[in-house]
1. Once the other residues with Cβ under 11 Å from the Cβ of Ile31 are scored (Lys, Arg +1; Asp, Glu -1), what is the net sum?
2. Over region 1-45, with the other protein chains present, what is the accessible area per residue in square angstrom, probe 1.4 angstrom?
3. Restricting things to alpha carbons, tell me how big the chain is in terms of Rg and Dmax, in Å.
4. In region 37-69, which GluC sites (Glu not before Pro) fall in coil by DSSP and have 16 or fewer other Cβ atoms within 10 Å?
5. Over the chain, what percent of the accessible surface lies on carbon and sulfur atoms, probe 1.4 Å?
Amino acid sequence: KHEFFVDMTCEGCSNAVTRVLHRLGGVQFDIDLPNKKVCIDSEHNVDTLLETLKKTGKNASYLGEKSAQ
């Protein structure tokens, strides 16, 4: 699982993230809108996921691996 920061401010922003990730395929993800985080479980590499998130036009960055709890 990988955690990313995405500068989302509203429901529309999180919908844009959902759209691009669905288009990429092969991903399971959780969007934490208040904390502007997206946690992605995927076989894709980090660069691919980050490029995909940047397609929303939002500022996105990689926060690191998220440990299972």
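1. Value of the local net charge: -1.
2. 57 Å²
3. 10.6, 31
4. Of the GluC sites (Glu not before Pro), the ones in loops of region 37-69 whose Cβ has at most 16 other Cβ atoms within 10 Å are Glu43.
5. 44 percent
The values are calculated or read from the model by the stated rules, or taken from the named source; none is laboratory data. Treat the numbers as computed from the prediction; the structure is a model and nothing was measured. Every residue, glycine among them, receives a Cβ derived from its backbone with ideal geometry; neighbour counts consider all protein chains shown. Side chains included, ligands, DNA and RNA excluded: accessible areas come from the protein's heavy atoms. Shrake-Rupley method; radii C 1.70, N 1.55, O 1.52, S 1.80 Å.
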